[in-house]
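J.: Below are the structure tokens for one structure; questions will follow.
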Amino acid sequence: MKILEVKDYQQMSNKAAEYIIEKVIRFPSIKLGLATGGTPIGTYKKLIEDHQKNGTSYRRVTTFNLDEYIGLSEENKNSYRYYMNENLFNHIDIEKSRTFIPRGDVDDIQKESLYYEDLIAKHSGIDLQVLGIGSNGHIGFNEPGTLFESSTHIVNLAPSTIQANARFFNRVKEVPTKAITMGIATIMKSKEILLLISGEEKRETLFRLLNGDVNIGFPASVLKNHPFVTIIADEAAVKDIK
Ligand code: F6R
């Protein structure tokens, strides 16, 4: 894993956006894996800025999001489809029909999981997967204990994840307790991974990632087995840990 240290959240966002833009220019039909949550919002803002200023085009880009809450429709403002439309897709020239997010509002989520996994495979996999990380080391919504062999599946969110994500909802009770997520094996099949980590509250998480061993109790540790991972971390996350 290569680690790039930057000053703060803004610099992390700039660097991540530059990284993605460079790939999109070189490979206009790139398949991007995308994350939601607080971490990538600044990166998406920079992508939009660049699209408006420099005209970087996403017309041939395909995207696959990591996860979606179960029970929220695409119109619900807390769904990850809504988040992606609002924070990125509505502001660039991407074809919406090429933006894929697992559906959390269908009757048969099991079937949806198989469908989503197959869809990614049919597109010959993800070229560049952007990841955030949960304080407990989750990637996507793969909570501690998830098998490294897992493909897209249904998860029960950890209490700490529900608590952390409550900031986006009116009340903690509104946070769905289940989600559909790419599995760890799905993520690991990506040709390249870009992991973004910002803030003091992620310092211990980054410490565990860099210094701990590879085990299912800390899902992100699996990234050590991937040949092409770049971490962009800001000073607050990196401070005093190496
Ligand atoms: C989001 C996702 C999660 C988040 C993680 C960190 O699609 O898959 O793994 O990346 O929960 O969230 P933030 O960035 O809000 O700290």
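J.: Please go through the residue pairs 45/173; 46/111; 122/239; 2/45; 7/122; 23/122 and name each one whose alpha carbons sit more than 32 Å apart in this structure.
T.: Among 45/173; 46/111; 122/239; 2/45; 7/122; 23/122, the Cα-Cα distance tops 32 Å for 46/111; 122/239; 7/122.
J.: Show the residues, 5+ positions off or on another chain, whose built amide H is closer than 5 Å to the amide H of residue 64.
T.: The answer is 32, 33, 34, 100.
J.: Apply the Karplus curve 6.51 cos²θ - 1.76 cosθ + 1.60, θ = phi - 60°, to the phi angles in segment 89-100 and return the couplings in whole Hz, x for Gly and Pro.
T.: 4, 5, 10, 10, 8, 6, 6, 4, 5, 9, 10, 10
J.: Still on this structure: Evaluate segment 78-205: find the radius of gyration of its Cα atoms, find its Kirkwood radius, and give the ratio Rg to Rh.
T.: On the way: Rg = 15.0 Å, Rh = 15.9 Å.
Reported Rg/Rh, Kirkwood definition of Rh: 0.94.
J.: Work from the charge dipole of segment 35-105 (Cβ charges, +1 for Lys and Arg, -1 for Asp and Glu, about the Cα centre) and give the residue of 44, 85, 72 farthest towards its positive end.
T.: About the Cα centre, the residue reaching furthest to the positive side is 44.
J.: Just tell me, in residue order, which DSSP H segments of the chain are both 15 angstrom or longer along the helix axis (alpha-carbon based) and at least 1.6 in mean Kyte-Doolittle hydropathy.
T.: Membrane-span-like by this criterion, though nothing is claimed about a membrane: none.
J.: Right, here's the next one. Treating the beta-carbon of each Lys and Arg as +1 and of each Asp and Glu as -1, no other charges, what is the dipole magnitude of segment 2-238 about its Cα centre, to the nearest 20 debye? The partial results should precede the final answer.
T.: Values: 28 positive and 30 negative charges, 78 e Å.
So the magnitude is around 380 debye.
J.: Here is a further query. At 222 nm, what helix-only mean residue ellipticity would the chain give, in deg cm²/dmol to the nearest 500, using -39500 (n - 2.57) for each DSSP H run of four or more?
T.: Mean residue ellipticity at 222 nm (helix-derived): -9500 deg cm²/dmol.
J.: Of 218, 169, 89, 141, how do they rank once you tally other Cβ atoms within 10 Å and put the fewest first? Working shown, then result.
T.: Numbers: 218 17, 169 14, 89 22, 141 26.
Going from sparsest to densest Cβ surroundings: 169, 218, 89, 141.
J.: While we're on this one: Evaluate 2.2 N^0.38 Å with N set to the residue count of segment 2-238, then give the Cα radius of gyration divided by it. Intermediate results must be reported in sequence, preceding the final value.
T.: Values: Rg = 16.5 Å, N = 237, 2.2 N^0.38 = 17.6 Å.
For segment 2-238, the normalised Cα radius of gyration comes out at 0.94.
J.: Please report, in debye to the nearest 20, how large the charge dipole of segment 99-242 is about its Cα centre when each Lys and Arg carries +1 at its beta carbon and each Asp and Glu carries -1 there.
T.: 140
J.: Give me the percent relative contact order of the chain, please, defined on Cα pairs under 8 angstrom at least 6 residues apart.
T.: On the way: 486 pairs, mean separation 62.6, N = 242.
After rounding, I find 26 percent.
J.: Could you line up 180, 92 from fewest to most neighbouring Cβ atoms inside 10 Å?
T.: Listing 180, 92 from fewest to most nearby Cβ atoms yields 92, 180.
J.: Here is a follow-up. Over segment 33-177, calculate the relative contact order: mean separation of alpha carbon pairs under 8 Å at least 6 apart, over the residue count, as a percent.
T.: Averaging sequence separation for qualifying contacts and normalising by length gives 25 percent for segment 33-177.
J.: Going by how many other Cβ atoms sit within 10 Å of their own, how do 12, 84, 182 line up, fewest first?
T.: The fewest-first ordering by Cβ neighbours comes to 84, 12, 182.
J.: Near the amide H of residue 72, under 5 Å away, which other amide H atoms are found, from residues 5 or more places off or on another chain, if H is placed in the peptide plane?
T.: Distant-sequence amide H within range of residue 72: zero hits.
J.: Choose one answer from 163, 11, 129: the residue with the largest mean-square fluctuation in a GNM of the chain with alpha-carbon springs under 10 Å.
T.: Its mean-square fluctuation being the largest, the pick is 163.
J.: Also, quick follow-up: What are the residues whose amide H is under 5 Å from the amide H of residue 4, where those residues sit 5 or more places off or on another chain and H is modelled from the backbone?
T.: 231, 232, 233
J.: Looking at the chain, send over the antiparallel percent of its DSSP beta bridges, to the nearest 5.
T.: Percent antiparallel among DSSP bridges in the chain is about 25.
J.: A further question on this structure: Using the alpha carbons of segment 69-127, what is the convex hull volume per residue in cubic angstrom, as a whole number?
T.: Looking at segment 69-127, the number lands at 92 Å³ per residue.
Rule-based calculations on the coordinates, nothing more; no lab input. What you are looking at is a predicted structure, and each value in this text was computed from that prediction instead of being measured. Cβ coordinates were reconstructed from backbone atoms using ideal geometry, including for glycine residues, and neighbour counts include every protein chain displayed.
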